[in-house]
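Here's the structure, in structure tokens; my notes come after.
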Ligand code: ZN
């Protein structure tokens with residue numbers, strides 16, 4: 001069996017106020033808070049993971065909320081649209097909901113034969129709902145959103161690039177994706193290795209300004225592999241192509257490699273193992289603050305300095 005990249009594992013973005021972020025993703029979008037932990041490189045900052053009921057890779061959007069962070073800017077060398085899938089008949093429900101909650105949104109439009117609805121989170125992060133009635137993943141059942149209208153997980157991600165060709169080669173030659181369709185300057189790549197979260201759209205805009213990391217922008221996109229053995233073989237392949245790639249890093253819930261793709265976007269490869277139930281039961285995921293072993297001895301001090309959430 002050939003090694004596969006099984007679509008997107010998670011996407012990580014930068015936010016400002018922690019409570020505002022938590023309220024938007026759990027209450028307005030109705031995602032499940034799957035994990036409440038800290039940034040392992042900066043333990044006085046939260047790291048929130050939101051996902052579907054099953055807390056499955058392919059549904060997990062994570063945030064580092066830094067109060068008072070400078071706003072970022074969308075541009076080239078960035079993941080500029082995070083796409084979630086919903087039932088194709090859910091747009092009316094979501095437009096009404098966005099009006100009620102003062103969410104900035106555009107009228108639904110079509111691209112690649114799919115209807116999509118673009119909206120912004122409170123930090124200006126650009127998100128999309130894409131109509132995809134074949135997505136049968138179990139939604140989160142969180143709050144007042146009917147299951148048949150709820151977000152099911154990622155549909156895909158849009159990467160905006162100065163030039164797309166070398167990124168396209170990485171997707172096809174190393175990650176096993178196929179070019180499915182081109183519309184003007186947008187190129188849709190998909191993989192059949194996963195039923196969901198299998199889309200990567202490359203948008204080529206030569207001459208556009210570079211993106212700047214900051215509030216309301218994506219920090220990195222993580223792709224999914226089945227286990228450590230597959231991950232380490234990908235590491236070798238990518239290193240042999242001349243990319244600078246990190247050693248395998250233990251992220252407690254998955255094991256990660258990081259490298260910059262040719263357009264400058266930070267890519268991660270993350271394993272399915274060990275998963276989010278490694279340090280708390282499935283039923284109570286996200287309810288208490290989890291710290292990795294190296295910070296457990298400083299728990300009192302860390303908890304005292306983290307932002308209050310209620
Ligand atoms: Zn990550």
Which one of 48, 40 is within 16 Å of the ligand (Cβ to nearest atom) and at pLDDT below 95? 40
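Counting just the residues of segment 54-69 that are part of a loop (DSSP other than H, G, I, E, B) and over 10 Å from residue 153 (Cβ atoms), which one comes out farthest from the chain's Cα centre (by Cα)?
68
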Test for residue 250: is it more than 29 Å from residue 15 (Cα to Cα) and surrounded by fewer than 20 Cβ atoms within 10 Å (Cβ to Cβ): no
Taking only segment 78-118 into account, find how many residues are within 17 Å of the chain's Cα centre (by Cα) and surrounded by fewer than 19 Cβ atoms within 10 Å (Cβ to Cβ). 1
Scope segment 1-53; condition in a helix (DSSP H, G or I) and either touching a strand residue (DSSP E or B) at 6+ places or on another chain (Cβ under 8 Å) or touching a residue at least 40 places away in the same chain (Cβ under 8 Å) (or both); matching residues: 18, 19, 20, 21, 22, 24, 25, 26, 27, 28
What helices (runs of 4 or more DSSP H) completely inside segment 206-310 contain at least 2 residues that are within 22 Å of residue 63 (Cβ to Cβ), in contact with a strand residue (DSSP E or B) (Cβ under 6 Å, 6 or more places away or on another chain) and away from the ligand (no atom under 16 Å from the Cβ)? 299-305
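The values are calculated or read from the model by the stated rules, or taken from the named source; none is laboratory data. Computed from a prediction, not measured in an experiment: that's the story for all the values here. Quick reminder, even Gly has a Cβ in these numbers, built from the backbone with ideal geometry, and neighbours come from all protein chains shown.
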